[in-house]
Amino acid sequence: MAKQLLVYVALGANLPSDLGSLRHTPAHTLPMALASLGALGLHLHATSRFYATPCFPAGAGPDYVNAAAALTADPDLSPADILARLHQVEAAYGRTRSTRWAGRSLDLDLLAIGDAVLPDAKTHRHWCDLPLADQARLAPDQLILPHPRIADRAFVLVPLCDIAPDWHHPVTGHSVRTMRDALPASDLAAVRPLPEEASDLAPIRRPTPLLP
């Protein structure tokens, strides 16, 4: 049997989500979204704690609830297939795409699939090195893996360090722990763990996964 893919995803929400006739808080939306992904063949392997993080840009909306998850996927699924499933679940919870960095009911960012580098190292480096002003107005027209902003964001690296501190970026060679520790202390302090009772559907945590 072929080895399953290990997929890392960042989850976030700062607006209520609508599923059918029900409305859910961000802390309820995230674990429900993980269950929905499982129904589409992206099975939960591990999740981080849930964290409260400031909205970016500052003052643009309510604080976010953020987490990270490791999912397993059939090796026959392409990166495009996996991304399409993430977008399908976002849409099911009322996600709409308007302006860049707008508030959202559910955000599922594909961080990495194993040690894949897509579409190639040169293109990946271009998007990693994009100036902040251009990040606000430009978006790639193809899937870039690992996510080009993974090393910049405390709200990604702090949760990801809960489940995969020793995963190494296939381009830079830096581990999640190293990337997290390189961020400013003020950025890290702004990512605050939520008590599990903040959600009636507490996140499922399992032993730290290891990439093949």
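By the count of neighbouring beta-carbon atoms within 10 Å, fewest first, Asp187, Asp81 end up ordered Asp81, Asp187.
What does the charge add up to near Leu188, with Lys and Arg as +1, Asp and Glu as -1, over the other residues with Cβ less than 15 Å from its Cβ? Intermediate results must be reported in sequence, preceding the final value.
Working: positive: Arg49, Arg153, Arg177, Arg180, Arg192; negative: Asp152, Asp162, Asp181, Asp187.
Once positives and negatives cancel, what remains is +1.
Can you sort Trp167, Trp127 so the residue with the fewest Cβ neighbours within 10 Å comes first? Intermediate results must be reported in sequence, preceding the final value.
Working: Trp167 26, Trp127 17.
Ascending Cβ contact count within 10 Å gives the list Trp127, Trp167.
A dipole drawn for segment 5-198 from +1 and -1 charges on Cβ atoms has a positive end, and of Ala10, Gln135, His174 the residue lying farthest that way is Gln135.
Could you tell me how far the Cα centroid of segment 141-196 sits from the Cα centroid of segment 57-96, in Å? Centre-to-centre (Cα) distance: 16 Å.
Neighbour counts of other C-beta atoms within 10 Å: give me Met179, Met32 arranged from fewest to most.
Numbers: Met179 22, Met32 19.
Ascending Cβ contact count within 10 Å gives the list Met32, Met179.
Please give the net charge around Gln4, taking every other residue with its beta carbon less than 12 angstrom from that of Gln4, where Lys and Arg add +1 and Asp and Glu add -1.
Details: positive: Lys3; negative: Asp74, Asp76.
With Lys, Arg at +1 and Asp, Glu at -1, the neighbours total -1.
Is segment 5-198 rounded, prolate or oblate when judged by the Cα gyration tensor, a ≥ b ≥ c being the square roots of its eigenvalues, rounded requiring a/c under 1.5 and prolate requiring a/b larger than b/c? Rounded.
Just so you know, all these numbers are worked out from the coordinates, no wet-lab data involved. Because the structure is a prediction, the values reported are computed rather than measured. In this analysis, Cβ positions are derived from the backbone assuming ideal geometry, glycine residues included, and neighbour counts consider all displayed protein chains.
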